[in-house]
Amino acid sequence: MSVQSPKLSNRTQSQRVCAVPRTAVPAAITTLLESAIAECPVPIAINLWNVQYLRAYAGPVRLTLYFRHPGVLRNLLLFRDRMFLTECWISNLFDFEGSLEDMIAVAQYLSSRRLPLRAVLQACVCAATLPALSMSDVVRYGKTHTVRRVGSNASDIQHHYDVGNEFYKLFLDPNLVYSCAHFERDDFTLAQAQEAKLDLICRKLRLQPGETFLDIGCGWGALLCWAAKNYGVTACGITLSPAQREYGLKRVQEEGLANRVRIELMDYRQMPADWQFDKIASIGMIEHVGVRNYSAYFTAALDVLKHDGLFLCHGITTSRRAQGGSFEGKFVRKYIFPGGELAELPELVGHARHEGFETVDVDAWRPHYVKTLRCWSHNLQSHMEQAVDIAGERVTKLWLLYMTASAKGFEENWLRIYQVLLRRSDSAIWNLPMTRADWLM
C-alpha cells in the first residue's frame, strides 16, 4: 500500500510563499549530488528550481525531488537538517513525486551517506553563495514546543486530539479507535481488526457483568461502550480532550448507555481518592506520560484498583532509549505528540513492578501496528481534499508523514508495541486460570 505525495486542490497548490530566484547550480554542488544519489536504493531524480535536472539511473525514475528554492538546498548542504526539509515540505518549498515511503527511505539514506570530505567542503563553500531563505519564507506549523519537556499536559493532549473529530473520521475505523488494531486474520478489514482488539482487551481483563471498569485515556469512548454493551460492566473513562469527551458523551447517549458509562475531563493524577474499580485499561496513553512520570502513572492506577483487580497497559515502546535526540523523536514531539516520550519495555515493566504491580502477561503487537498505520495512511490519502478543508494543508501533511514514518519504524523494529497485563503484587493469592488460553476464553 503506497502513499503518494499529497495531491491537493489547485487553490492550495497555487499558494506559494516566495519568489524563486533563477540561480545557476554551482558545478561542485552538481558533482556532490550526483555522487550522493549514484548508489541510492531508490531510482531517483532531482529537479533544482527548474534550472537543472539530475538523475542517477538510465531507467525509469521512481522518485523525483523538487527543490523549489535554492535556499532549501543551501540549508541542507550546510546543516543536513531533516527537520528543516520537513518544514520546507509543509511550506511548499520542497516537494516530491512518488511514494512517501520512498521519500522517507531516501531522506534516511542521504542523511547518513558518507561522501569524500574534499567534495563536501567544496559544495558547502558554494552552497553558502546560494540565495538564503528568510524565516518568513518557511511557514512554521503551530506553536513551538521544547523537545526537552516531557509528560503531556492538557494543552499538549488538545494540540493532538482536538484537531477535529471530523478529521479523525477520515482515516480511523467507524468506532474511532486510535490505537493499534489486532488483525487476527489476514483478510480482516480495519474495522474488524479494531473490534477484535476491543474484545481481546475485555477478555484479557476477564470483565464480568456488574463489575466496574476504568479506561485511563479513553479517547472517543469505543472501549467503554464495547465493554458496557458486550460485558455488562459499569464503565468510566477519563480524557484531557474536550473534543473527545463531547463526542464520547454523545455516543453514550445514542447507544442508550448513559446509566452505565460516564466520561470525565480529568488528568490521571487527579482521580478522586475514593474511586475503586475492578478492572482498568489504559490504551495508547502511556506514550503521553513521560518516563519520569511513570511512577505517578502506575501509582495512580494502583490506588484506584481493587484488591483482586487487573490492569492492562497497552502502549508503544522503543528499541533505542535515545530516541528523543533522533529526527523521528524530535519530529513527533514537535508536531504530533508534544510532551510525549517512549521507553524500552524493561523500563516500563520495571516501573510497574516498583510501584506495586506483578506482571501477568506481555503480548507483542508490532506487525499489527504496521498494518494499522498503513490502513490509516491509505484512508487519509484517499480523503486528502476533505482533510485539507477540515484541518489545513500543513496539519494534513504532517499527520500523513507521521503515520507513514511510524509504520516504517515498527516494520524496522526501532518502534515496538506491547500489551502488558498487571495485577496487584499485594494480592498474594493467584486469581487467574493456570494457563493463558484459559483466561482468554
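No lab work stands behind these numbers, since they all come straight from the coordinates. Just so you know, these numbers come straight off a predicted model, no measurement behind them. Counting neighbours? That spans all protein chains shown, and the Cβs are built from the backbone with ideal geometry, glycine included.
Which percentage, to the nearest 5, of the DSSP beta bridges contained in the stretch 10-127 is antiparallel?
Around 60 percent of the beta bridges assigned by DSSP in the stretch 10-127 are antiparallel ones.
For the residues TYR335, TYR294, what sequence is obtained by ranking on other C-beta atoms within 10 Å, fewest first?
Ranked by crowding around the Cβ, least crowded first: TYR294, TYR335.
Can you sort SER134, SER282 so the residue with the fewest Cβ neighbours within 10 Å comes first?
Fewest-to-most ranking of SER134, SER282: SER134, SER282.
Which pairs in the list LYS330/LYS397; LYS169/LYS397; LYS204/LYS279; LYS250/LYS279; LYS330/LYS408; LYS197/LYS279 are over 20 Å apart, alpha-carbon to alpha-carbon?
Exceeds cut-off: LYS250/LYS279.
In percent, what relative contact order does the chain have, based on Cα pairs under 8 Å that are 6 or more apart in sequence?
17 percent
Using the basic label-point model (7 angstrom from Cα toward the beta carbon), what is the GLU39 to ALA27 distance in nanometres?
Distance between the two pseudo-spin positions: 2.6 nm.
For ASN230 and ASP187, what does the FRET efficiency come to when R0 = 25 Å and r is the distance between their Cβ atoms, rounded to the nearest 0.05?
0.65
Could you list ARG333, ARG62 so that the one with the fewest beta carbons within 10 Å of its beta carbon is first and the one with the most is last?
Ranked by crowding around the Cβ, least crowded first: ARG62, ARG333.
I need the phi-derived Karplus couplings for the stretch 396-411: 6.51 cos²θ - 1.76 cosθ + 1.60, θ = phi - 60°, integer Hz, Gly and Pro marked x.
Going residue by residue, I get 4, 4, 5, 5, 5, 5, 4, 5, 5, 5, 5, 4, 5, x, 5, 5 Hz, with x marking Gly and Pro.
Please report the antiparallel percentage of DSSP beta bridges with both residues in the chain, rounded to the nearest 5.
Once the DSSP bridges in the chain are tallied, antiparallel ones form about 50 percent.
Just subtract the alpha-carbon distance of ARG436 and LYS306 from 0.36 nm times their residue separation and send over the number in nm, one decimal.
Answer, rounded to one decimal: 44.6 nm.
How high is the FRET efficiency from ALA58 to ASP389, r the C-beta distance, R0 35 Å, rounded to 0.05?
Working from the Cβ atoms, E equals 0.25.
Please compute the net charge surrounding ALA181, taking Lys and Arg as +1 and Asp and Glu as -1 over other residues with Cβ under 15 Å from its Cβ.
In short, -2.
In Å and whole numbers, how far do the C-alpha atoms of the chain stretch along each principal axis, longest first?
Here the Cα extents, ordered largest to smallest, are 75, 42, 40 Å.
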